[in-house]
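Only one structure is covered here, and it is reproduced in the block below.
The values are calculated or read from the model by the stated rules, or taken from the named source; none is laboratory data. None of the values given here were measured: they were computed from a predicted structure. Glycine also receives a Cβ, built like all others from the backbone with ideal geometry; neighbour counts cover every protein chain displayed.
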Amino acid sequence: MRCTVRGLLRGRLAVAMVLLVETSCSRQVNDDLLIQHRNLGKAFYENPATQQEAVQEFQQALKLAPNSARDKLNYSLALLRASGSSAPASSSVGTRTAGRGD
């Protein structure tokens, strides 16, 4: 079996193209799931009978976008509402508070 440089390049190019397409499809699926969890979370959040489901949906959204301030806020608000507390609760979602610079 004879292997040429052109044949190797063609093979590597094909593999690279497959990986690029696979990555973009995977990103689209994650974006679609993120939107779905956000929408369901919002719908559940607005209904007093389904506040626990809102927490679960926003938690899933946060898992898909762990650095998203939007999803951290949504998850924190859903936890507050589901717990029935009106006082701010400490949360492990990594929110920062602004310092006064004493």
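General remarks:
- Criterion (in contact with a Ser or Thr (Cβ under 8 Å, 6 or more places away or on another chain), at pLDDT below 55, of a type outside the set (K, R) and not in a helix (DSSP H, G or I)) met by exactly one of A98, A89: A89
- Residue count for region 28-46 under the criterion of being among the acidic types (D, E) and under 16 Å from K63 (Cβ atoms): the result is 2.
- Each residue in region 56-78 was checked for being hydrophobic (A, V, I, L, M, F, W, C), under 14 Å from the mean Cα position of the chain (by Cα) and buried (at least 20 other Cβ atoms within 10 Å of the Cβ), and 3 of them qualify.
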